[in-house]
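Encoded as structure tokens, the structure appears first; notes follow it.
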Amino acid sequence: MADTTSDSFGFSVRRLPGFTALAIACYAMLYAPIMALVAYSFNAGSSIAVWEGFSLHWYGAAWQNEKVQEATILSLLVATVSSISATILASMAALGTTRIRPYKGLTAIYAMINQPLMVPEIVTAVALLIVFAIIKSTTGYQGLIYLISAHTAFCIPFAYLPIRARLESMDLSLEVAAADLYATPLRTFKLITLPLLWPGIIAGMMLAFVISLDDVVITEFVKAPGQDTLPTYMLGQLRRVITPEIHAISTALLSISIIMVSIFFLLNRKKS
């Protein structure tokens, strides 16, 4: 359809000189480093740049590394709890900004919800550090709740956007029909809105999970001693000595992201 429209106006971007070469160059810049990372995770030697043969040694080394195991478990725990919490709060915020009559200040509320997307992450990290330092000095509590709360706050807008987009694209006729049939708002939400909203909720939760799992800056500022997640552990290793073990861990994280995206598309396709 797009090609037909462009041809009707006598213009097609694919006919521009050098378009194919530029597209290939863009893909190469995007994916060549990732392919190199994956390839060198199977390097038999300890060099990160010199190929010394194929081996799964560094995957085994990472799997048996107790610090990697502890960091992985902590990362999955924080990402799971924070993504679920962020998705619940984002769903409530999306419903509160789409299923009501427009009022003065609604745009400001929308901007405040998405504020973490616009503010540099380092600023958010420093602000959370100050707030949590005050709470720690007052209560004396040094637990994991600070890291989970920080990740939840940062992930809310990432979960909010797909949920809000799903709500805005939904046909309201079913909800109106349910109201005409004297269904309560709660029953309408349970039987109609929520089932239709599930793809957006799953997308928001997956996006929040990946963002939390990958975060370094906020985690580095907020975490207490002994609370290294997988990304902060990798950052610490890069400051000491670089081995293909880091490549293996990065490839594993990449695989998790690809699997999650694939599952989402399969579920969404089945839903359709």
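What follows is calculated from the coordinates using simple rules that are stated; it is not laboratory data. A quick note: this is a predicted structure, and the numbers were derived from the prediction, not measured. Note: ideal-geometry Cβ built from the backbone for every residue, glycine included; neighbour counts use all protein chains shown.
How many lysine pairs in segment 58-271, separated by 8 or more positions in sequence or lying on different chains, have Cα atoms less than 27 Å apart? Number of lysine pairs found: 5. Labels on offer are (i) 19.4; (ii) 22.1; (iii) 20.0, and the one holding Kirkwood radius over Cα pairs in Å computed from this structure is (ii).
Please list 126-137, 81-92, 229-240 highest first by mean number of surrounding beta-carbon atoms within 10 Å per residue. Working shown, then result.
On the way: 126-137: 14.0, 81-92: 21.2, 229-240: 16.8.
Ranking, from highest mean packing down: 81-92, 229-240, 126-137.
For the chain, the mean residue ellipticity at 222 nm estimated from helices alone is -24500 deg cm²/dmol, where every DSSP H run of n ≥ 4 contributes -39500 (n - 2.57) and the total is divided by all residues, rounded to the nearest 500.
Highest mobility in the GNM of the chain, judged by mean-square fluctuation with C-alpha springs under 10 Å and restricted to L181, L254, L77, is found for L181.
With a cut-off of 8 Å between alpha carbons and a minimum separation of six or more residues, what is the relative contact order of the chain in percent?
Computed value for the chain: 30 percent relative contact order.
The charge dipole of segment 58-271, taken about its Cα centre with unit charges on the Cβ of Lys, Arg, Asp and Glu (plus for the first two, minus for the last two), comes to roughly 460 debye.
In what order do R164, R99 fall by count of nearby beta-carbon atoms within 10 Å, going from fewest to most? All intermediate terms of the calculation are to be shown ahead of the outcome.
Values: R164 23, R99 14.
Neighbour counts put them in this order, fewest first: R99, R164.
Ranking L22, Q115, P225 by Cα position along the charge dipole of the chain, where only Lys, Arg, Asp and Glu carry charges on their C-beta atoms, puts Q115 farthest toward the positive end.
Could you give the DSSP H helices of the chain that reach 15 angstrom or more along their long axis (alpha carbon positions) and whose average Kyte-Doolittle hydropathy is no lower than -1.0?
Numbers: long enough: 19-40 (31 Å, 1.82); 66-98 (47 Å, 1.08); 121-139 (26 Å, 1.90); 145-169 (35 Å, 0.84); 194-214 (29 Å, 1.80); 230-240 (16 Å, -0.29); 244-271 (40 Å, 1.05).
Membrane-span-like by this rule: 19-40, 66-98, 121-139, 145-169, 194-214, 230-240, 244-271.
Ranked by how many other Cβ atoms sit within 10 Å of their own Cβ, fewest first, the residues S75, S149 fall in the order S149, S75.
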